[in-house]
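Every number here is computed from the coordinates shown, using simple stated rules; none is lab data. Since we're looking at a predicted model, the values are computed, not measured. All Cβ positions, glycine included, derive from the backbone under ideal geometry; neighbour counts span all protein chains shown.
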Amino acid sequence: MNLPRRQSPRLAALGLSLVCLLEAAGCGSSTSGGSAVSGGDGARPAYVTVRVAGSGGGADYDLHVGTTEVTQRAWEDLMGVAPAIPRTCADCPVQLVSWYDAATYANALSEREGLTACYALADCEAKEWGDAESPPEGGVAGRVGLACAQASVAAPGCNGYRLPTRAEWDTFGPVAEVSEGRRAAREYAAFRRVTASEPRPVASGRPNEHGVYDTIGNVEEWLETRAAVPQDQTRWQREEPLQVWFFSAGNCFHARYRHLELPSPHHQLGSWGRSCLGFRLVRTLTSPAG
């Protein structure tokens, strides 16, 4: 893998203005529902605890799930730099972040709280598309996307912040009322008919039965789980030297009404941050091995 070895602005910013994403909850707290942050019509929990079934006969464990997608405000506070496209909506989900961007953010938050970083990233570069270039679908001129030639994920027992796995998403992501019929979708999701193809502030609608917001519509969300390289790649995807793919889940704000059932996870090129892609963080509270 011949990726230029240079420090990205995102990595250089890790020492700047680090704050706790869940500052109102108390950094490192694991008490479900014990605190709240301001948002929507009043106070809402910053996280919930969801019980996840162990895989392959392993023990069940408790998962600390962010109730909202990471916002542009939280990104700027933690990383010390503004998102790639600053918007007037600081409480909208951050967009145009690659999988490696999201992993870097998770590590920064873990390190700030004295937790174990869950990702080892090396040989990273930040890519930019100049004004005279034609970025791939979903990209914009000037977009910086982090790509790392070496990336490894800690075991599920890591106590720091990370992206959810596909199995974890399947546990906390569905909305039962919408699964039974799309008529109630506008109460839970941001989609084309509701937002005119723009994201909306997180937690603007109703949470699902776990207390988690925007899982079926606002931005798609990166998952930790690797995906196979798809056969139907576009030209720009085939030309990307780092062919590492991951799943994303949920729906985008420009999805149509008929697409709002919780779909199977999508295949996404890990080094490319699309306008529809954001993320939320989770943290294992009880080790699956224990």
Packing rank of 96-103, 160-167, 108-115, 276-283, where each peptide gets the mean count of other beta carbons within 10 Å, highest leading: 96-103, 276-283, 160-167, 108-115
Once you have the Cα-Cα distance between ARG235 and ASP62, take 0.36 nm times their residue separation minus that, and quote the gain in nm to one decimal. 58.1 nm
Tell me, in nm to one decimal, what length is gained between SER55 and CYS89 on full extension, where the rule is 0.36 nm per residue of separation less the Cα-Cα distance? 8.3 nm
Per the rule of 0.36 nm per residue minus the C-alpha distance, extending ASP123 to ARG73 adds in nm 15.2 nm
Among 205-213, 71-79, how do they line up from the highest to the lowest mean number of other beta-carbon atoms within 10 Å? 71-79, 205-213
